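Heads up, the thing below is written out as structure tokens.
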Amino acid sequence: MSEQSVASGAFARLLLSGALLGGVIHIAFALLFYQGGATTMAWVNVGSVLVYVIAGRLLVAGQVGWALAAMALEIVGHAVLAVRMVGWDSGFHFYLLITIPVLLASGIMRWPAKVGLATLIAGIYVAMDWYWRRAMPLHPLDADTLRHLHQFNLVSTITVLGGLTVVYVQLIRDAEKRLHRMATTDHLTGLMNRRSLVDALEREQARRLRKPHPMTVILVDIDHFKLLNDTYGHAVGDWALQAVAGVLKKGVREMDFVARWGGEEFLIVLPFADGAQANPVAERLRETIRTIEHPGRLPLQLGATLGVAEVGTEEDVEQAIQRADAALYQGKHQGRNRVVIAEAALI
């Protein structure tokens, strides 16, 4: 999922919230005008409700552009018609103000188009104010009804703007969280990716400098992974990666770090654990990986070779990872499916 698609999805959900609010408000208008004897305006509002229903269905179908166009045309057309019918003092022109920030927040148009449409709507508002503020409406209402209608429209406009702002802020926050997960998580296994683990290791190393504590790294490599892919296909290979990732994630503490390091390799970092404490953890993970069964009962058995290296007191983490990698390849040459403890750091 790209950054643009995340933003587009957030804007679609914003419009869906707006369509729901618009439909509810126009149902209230239809009842209000019907009770006041303005049956023409009542039916106009029924038509507006149908427009918002159609806009909602378009949004669900992913037709964001058409939904935005339908909602914008409804708001502008309804405001112009209502002001001409019952007068400027009814406050229906307030709703034009809602469309301007929504258009500018849209991610489906380029800025020249957005600014142009927003300017057009602002021009319509100014023109209505110039020509119809003192014009006689086609369907005059009594003073009390007009005053109540004005207050209702004012409160509704403020409510809609406030509600859409709250929804938009929350959607942006959710989108930022999704983008952060996309940037820091391996899309296949759901584990940390290499980049995010490197950042976490830098923070952990800084913490070790302030307050020394043991730390151990475990490098895990799935045995015969290429043969697995060649024999059963990449779909089974992906399943194997996900299954092993699940075992690794469940088999360590919440404070530990587990990442897909690359290809069929995983890296586990155990803060506050020395080599003696990490070795049984690695053995337990190796044994658990051997128990994984394919849900389709394919005749395969997974295995993994693990290299364990305790980070030296004055050693860089990258050096410990290199020692764990050397231990892992030693295990590969010794027959795989085993845990190998790396030689102690020289510094």
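The values are calculated or read from the model by the stated rules, or taken from the named source; none is laboratory data. Note that this is a predicted model, so its numbers are computed, not measured. Using ideal geometry, Cβ is built from the backbone for each residue, glycine included, and neighbour counts are taken over all protein chains shown. All accessible areas refer to the heavy atoms of the entire protein, side chains included, with ligands and DNA or RNA removed. Shrake-Rupley method; radii C 1.70, N 1.55, O 1.52, S 1.80 Å.
General observations
- Sorted peptide list for 284-296, 78-90, criterion being average Cβ within 10 angstrom, highest first: 78-90, 284-296
- Based on the Stokes-Einstein relation at 25 °C and a viscosity of 0.890 mPa s, and on the Kirkwood radius from alpha carbon pairs, segment 225-347 is assigned a translational diffusion coefficient of 162 µm²/s.
- Protection proxy ranking of 17-26, 34-43 - average other beta-carbon atoms within 10 Å, highest first: 17-26, 34-43
- For segment 150-227, alpha-carbon Rg relative to the globular expectation (2.2 N^0.38 Å, N residues): 2.02
- Within the full protein context, the accessible area of ASP230 is estimated at about 110 Å² for a probe radius of 1.4 Å.
- For the chain, the share of DSSP beta bridges that are antiparallel, to the nearest 5, is 85%.
- Solvent-accessible area of SER196 with every protein chain in place, 1.4 Å probe, in Å² to the nearest 10: 10 Å²
- Alpha-carbon spread of segment 102-205, three principal axes, descending order, Å: 75, 32, 26
- Helical contribution to [θ] at 222 nm, DSSP H n ≥ 4, -39,500 (n - 2.57), averaged over the chain, rounded to 500: -22500 deg cm²/dmol
- Computed packing ranks the peptides 299-308, 234-243 as 299-308, 234-243, most packed first, by mean other Cβ atoms within 10 Å.
- Reducing segment 297-347 and segment 96-137 to their Cα centroids gives an inter-centroid distance of 65 Å.
- Taking a straight Cα-Cα cut-off under 26 Å and skipping sequence neighbours fewer than 8 places away in the same chain, the lysines within cross-link reach of LYS226 are LYS249, LYS250, LYS332.
- The Kirkwood hydrodynamic radius of segment 129-175, based on inverse pair distances between different Cα atoms, is 13.4 Å.
- Size of segment 293-347 from its Cα atoms: along the principal axes, largest to smallest, the extents are 48, 22, 11 Å.
- Solvent exposure ordering (accessible area, 1.4 Å, most first) of VAL53, VAL311, VAL167: VAL53, VAL167, VAL311
- Calculated SAXS-style log₁₀ I(q)/I(0) at q = 0.06, 0.08, 0.11, 0.14 Å⁻¹ - the chain, Debye, Cα scatterers: -0.44, -0.61, -0.77, -1.02
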